[in-house]
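What follows is a single structure, written as structure tokens, with notes after it.
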Amino acid sequence: MLSRTADHLYWMARYTERAENLARLLDVSYQMSLVPQSVASRNENWRAILALNSLETAFAETYREVNVENVLRFMVSDPANPSSIFSCLRAARENAHAVRGTMTAEMWESVNATWIELRQQNFEHILARGVSEFFDWVKLRSAVTRGVTFGTMLKDDALHFIRLGGLLERGDNTARILDMQYHILRQNDDEGASDFYRWGALLRSLSAFQVYRKVYRDAITPGRVADLLILREDLPRSLHACADGIVRMLQLIANNASAETARKAGVLHARLHFARIEDVLASGLHEYLTDFMDRIFELGDGISRDFLIPG
């Protein structure tokens, strides 16, 4: 496959997954903002989202105050923010358009329809409709595109690059959501009803609430949440599952230059496969997640160098 084609498919998948995961992050933050708390505490949670995405400076250039509405506007529909949901879905559509001949007609129609419908919604419309409903729409459109992709594409290199891009982005975002929310929740841990609501919202944001109840059949605890989202290989959004998929995709697209990147992916997978949650928590969850995100970033660089367009 031509590196330029692979590059467009890979980034189409990453931007689509990024939009979905941003919707998940914003949704859980919005749900948690409804829990009784001080205005300062509520706004600090939104400030954490900007810090998580290294967007404090960019936000301050346009908005004077960090609050729910301003951060939502900036992260949802601001075209000047390259990390907004609007910008991510626009970039996904642009990458798809560049290689639409490589995709099935159904796949292109799904990506294009998502963009067309998004353009018809300004921020005021989203507020009136309900921000949670909008986030559900983003997640639904991502799921539709993913289903059409897996249901209509040949299992060749094109599909493998799409899956690889999605898995890298998913793993990185799961780690980011868990790192931020775990820190906030531990600070606000009151072991009461609001605490249960917060942990439940975190699990729901990653489509893991019902899975948690099925696996553990007990009250929600921080350690079990971390265990589920990091080490459970059978949970699609866990770090372990993402690392396993990355290893398999790199095996399928291997070339003469990719051995070192494949080795690093294998090391990352082994660290998750043989880890125990007790050791992870004892050594520091933030440090463990930061190391994971650094390794994902390094893998992304390696994939770009080995397969895609340099620079």
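Can you find a residue in the stretch 132-145 that is aliphatic (A, V, I, L, M), buried (at least 19 other Cβ atoms within 10 Å of the Cβ), in a helix (DSSP H, G or I) and free of Cβ contacts under 8 Å to residues at least 60 places away in the same chain?
First, the residues of the stretch 132-145 that are aliphatic (A, V, I, L, M): 138, 140, 143-144.
Subset that is buried (at least 19 other Cβ atoms within 10 Å of the Cβ): 138.
Then drop every residue that is not in a helix (DSSP H, G or I), which leaves 138.
Within this subset, residues satisfying the condition of being free of Cβ contacts under 8 Å to residues at least 60 places away in the same chain are none.
Checked the stretch 132-145: no residue is aliphatic (A, V, I, L, M), buried (at least 19 other Cβ atoms within 10 Å of the Cβ), in a helix (DSSP H, G or I) and free of Cβ contacts under 8 Å to residues at least 60 places away in the same chain.
Given SER54, SER41, SER29, which one is assigned to a loop (DSSP other than H, G, I, E, B), assigned by TED's automatic domain parsing to the domain that holds SER110 and among the small types (Gly, Ala, Ser)? Quick ask: steps written out before the conclusion?
Working: SER41 fails: assigned to a loop (DSSP other than H, G, I, E, B); SER29 fails: assigned to a loop (DSSP other than H, G, I, E, B).
Criteria check complete, one pass: SER54.
Quick one: in the stretch 251-293, which of the residues that are among the small types (Gly, Ala, Ser) and over 18 Å from LEU229 (Cβ atoms) is nearest to the chain's Cα centre (by Cα)?
Applying the first criterion (among the small types (Gly, Ala, Ser)) to the stretch 251-293 yields 254, 257-259, 262, 265-266, 270, 275, 282-284.
Next, from what is left, pick out any that are over 18 Å from LEU229 (Cβ atoms): 254, 257-259, 262, 265-266, 270.
Working: ALA254: 25, ALA257: 28, SER258: 25, ALA259: 27, ALA262: 22, ALA265: 19, GLY266: 21, ALA270: 22 Å.
Selected residue: ALA265.
Considering each residue of the stretch 63-119, count those that are β-branched (Val, Ile, Thr), surrounded by 15 or more Cβ atoms within 10 Å (Cβ to Cβ) and either more than 22 Å from LEU154 (Cα to Cα) or not assigned by TED's automatic domain parsing to the domain that holds PHE135 (or both), and give that number.
Of the stretch 63-119, the ones β-branched (Val, Ile, Thr) are 66, 68, 71, 76, 85, 99, 102, 104, 111, 114, 116.
Okay, now just the ones that are also surrounded by 15 or more Cβ atoms within 10 Å (Cβ to Cβ), so 66, 68, 71, 76, 85, 99, 102, 104, 111, 114.
Pick out the ones that are also either more than 22 Å from LEU154 (Cα to Cα) or not assigned by TED's automatic domain parsing to the domain that holds PHE135 (or both) and you get 66, 68, 71, 76, 85, 114.
So the count comes out to 6.
Can you name every one of the helices (runs of 4 or more DSSP H) wholly within the stretch 192-297 that holds 3 or more residues which are at pLDDT 95 or above and under 19 Å from LEU167 (Cβ atoms)?
On the way: elements: 193-205, 209-216, 222-231, 239-252, 259-273, 277-283.
By residue number, 222-231, 239-252, 259-273.
Please go through the stretch 72-91 and give me each residue that is touching a residue at least 40 places away in the same chain (Cβ under 8 Å), farther than 18 Å from MET12 by Cα and part of a helix (DSSP H, G or I), ordered by number.
LEU72, ARG73, MET75, VAL76
Would you check which residues across the stretch 146-156 are over 20 Å from LEU118 (Cβ atoms) and surrounded by fewer than 18 Cβ atoms within 10 Å (Cβ to Cβ) and list them? First the steps, then the outcome.
In the first step, residues of the stretch 146-156 are kept if they are over 20 Å from LEU118 (Cβ atoms); the result is 150-156.
PHE150, GLY151, THR152, LEU154, LYS155, ASP156 - these are the residues of the stretch 146-156 that are over 20 Å from LEU118 (Cβ atoms) and surrounded by fewer than 18 Cβ atoms within 10 Å (Cβ to Cβ).
The values are calculated or read from the model by the stated rules, or taken from the named source; none is laboratory data. Small disclaimer: the values here were computed from a predicted structure and weren't measured. Ideal geometry is used to build each Cβ from the backbone, glycine not excepted, and the neighbour counts take in all protein chains shown.
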